[in-house]
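The next block holds one structure in the form of structure tokens; read it before the comments.
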Amino acid sequence: MKTRYKTKIMVIGAGQAGLLAAYHLKKMGLQLGKDFLIVDEAPKAGGAWQFRWDSLTLSTVNGIHDLPGMTFAEALNIENKDVRANVAVPIYFEEYEKKFDLKVIRPTKVHHVSWEKDRFHINTDNGLFSSLGIINGTGTWGNPYIPKYPGAELFKGEQLHTKDYKNAEYFRGKHVVIVGAGISAIQLLDQISEVATTTWVTRRSPQFRDTAFDTDAGSRAVAMVDERVRKGLEPLSVVSVTGIPVTEEVKNMEKRGVLKRLPMFSEITETGIKWEDGTEQIADVILWNTGFKWDLKHLEAVLPFEETGGIIMSGRLATEVEKNPRIHLVGYGPSASTVGANRAGSAAARELWKTLR
């Protein structure tokens with residue numbers, strides 16, 4: 001029988017939310033190794049940031065916030081905002097782990113969690129563990145969503161997801177169908193349209209925002225998501241309810257005639273896409289910018305999902321699973337934003353430790 005390493009709290013995921021939870025557990029006096037452990041699937045520090053596309057820079061990314069105890073500037077001393085986010089953020093997270101001695105067991109993928117004999121049994125590809133409580137910070141990057149459309153299996157070109165995108169040069173000279181009405185879809189449409197011909201399709205009309213996105217607007221958006229998860233409804237992403245800011249890039253896209261949105265097609269053919277009226281568009285690539293779902297498959301055996309598809313959340317910042325308060329989900333629902341993740345890490349650590357005590 002294989003040895004199962006015991007701890008009190010298992011932190012799953014060492015992205016922003018997971019690191020913050022670990023930071024606060026340690027600040028509360030818990031000992032890493034004895035009282036809690038941190039595991040992460042990625043081979044190195046940086047969370048999902050290390051996998052994002054090369055053109056995403058510190059000036060274009062949708063907000064990177066300082067972690068408590070160590071500012072971004074302290075770790076990198078970067079003044080050039082055009083530095084790649086997939087380089088800068090991993091360096092920042094790595095320095096943060098070093099400064100606070102947050103040793104992460106990586107790469108460690110959690111395959112399955114069950115409840116046996118008053119403990120969570122956590123099976124990974126890097127050993128067996130058990131704990132009294134779980135703080136899960138796996139986010140969404142590991143679970144890309146592509147909707148099913150008739151004929152998808154017939155298409156002889158490429159079907160890619162936002163997760164697969166590295167740079168626009170790959171698409172040079174091709175015709176690319178870009179699907180989606182979010183910020184990522186707009187950014188990739190802008191870049192790809194410089195080197196390829198594009199068709200932009202969305203299920204609903206994109207919502208552009210002329211006014212500045214201030215703190216009040218952000219709070220309202222988070223409150224909307226918070227209300228949903230407390231009712232057990234599937235959470236919307238915080239970004240999805242904020243709208244798309246009209247930046248200089250967006251204005252330039254309008255001038256170039258790139259922002260010609262078409263309604264969603266009805267089927268996929270061997271050579272492209274087709275609408276209900278019979279109109280067809282030949283394409284080399286369909287790029288699905290259709291978002292991500294919450295990466296919770298490993299917790300399915302212990303999470304009480306509602307018929308609505310969501311989980312009833314409670315606690316100060318809606319990180320606590322109401323029907324199983326030994327589990328906290330950080331980076332889920334209202335804590336999915338970069339600001340929300342900072343606060344959620346602290347709340348989850350304190351509330352879970354109170355429950356276990």
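Look at Asp54 and say whether it is on the phi < 0 side of the Ramachandran plot, modelled with pLDDT under 90 and under 22 Å from the mean Cα position of the chain (by Cα). Here the answer is yes, as Asp54 does meet what is asked. Report yes if some residue within region 210-233 is crowded, with 20+ Cβ neighbours inside 10 Å, of a type in the set (Ser, Thr, Tyr), modelled with pLDDT under 95 and more than 30 Å from Asn324 (Cα to Cα); otherwise report no. Within region 210-233, not a single residue is crowded, with 20+ Cβ neighbours inside 10 Å, of a type in the set (Ser, Thr, Tyr), modelled with pLDDT under 95 and more than 30 Å from Asn324 (Cα to Cα).
How many of the residues making up region 166-186 are over 18 Å from the mean Cα position of the chain (by Cα), at negative phi and in contact (Cβ under 8 Å) with a residue 12 or more places away in the chain? Number satisfying all stated conditions: 11.
With respect to being aromatic (Phe, Trp, Tyr), part of a helix (DSSP H, G or I) and in contact (Cβ under 8 Å) with a residue 24 or more places away in the chain, Trp49 fits the description.
Conditions (1) more than 30 Å from Ser55 (Cβ to Cβ); (2) part of a helix (DSSP H, G or I); (3) in contact (Cβ under 8 Å) with a residue 12 or more places away in the chain, marked per residue:
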{"site": "Val250", "(1), (2), (3)": "no, yes, yes"}
{"site": "Val258", "(1), (2), (3)": "no, no, yes"}
{"site": "Leu262", "(1), (2), (3)": "no, no, yes"}
{"site": "Asp277", "(1), (2), (3)": "yes, no, no"}
{"site": "Ile286", "(1), (2), (3)": "no, no, yes"}
{"site": "His298", "(1), (2), (3)": "yes, yes, yes"}
{"site": "Glu307", "(1), (2), (3)": "yes, no, no"}
{"site": "Ile311", "(1), (2), (3)": "yes, no, yes"}
{"site": "Lys323", "(1), (2), (3)": "yes, no, yes"}
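Going by what's in this entry, would Arg350 be described as among the charged types (D, E, K, R) and surrounded by fewer than 15 Cβ atoms within 10 Å (Cβ to Cβ)? Spelling it out, it is not the case that Arg350 is among the charged types (D, E, K, R) and surrounded by fewer than 15 Cβ atoms within 10 Å (Cβ to Cβ).
Checked against the criterion of being more than 14 Å from Phe36 (Cβ to Cβ) and at pLDDT 95 or above, region 329-336 contains one or more residues that satisfy it. Of the residues examined, Thr124 is one that is closer than 17 Å to Glu300 by Cβ and assigned to a strand (DSSP E or B). Just so you know, in region 236-248 the residues that are closer than 30 Å to Trp275 by Cα, of a type outside the set (A, V, I, L, M, F, W, C) and assigned to a loop (DSSP other than H, G, I, E, B) include one that is modelled with the lowest pLDDT, and it is Ser237.
Scanning region 264-275 for residues that are buried (at least 18 other Cβ atoms within 10 Å of the Cβ) and assigned to a strand (DSSP E or B) gives Ile268, Gly272, Ile273.
The values are calculated or read from the model by the stated rules, or taken from the named source; none is laboratory data. This one's a predicted model, so the numbers in the text were calculated from it and none came from an experiment. Quick reminder, even Gly has a Cβ in these numbers, built from the backbone with ideal geometry, and neighbours come from all protein chains shown.
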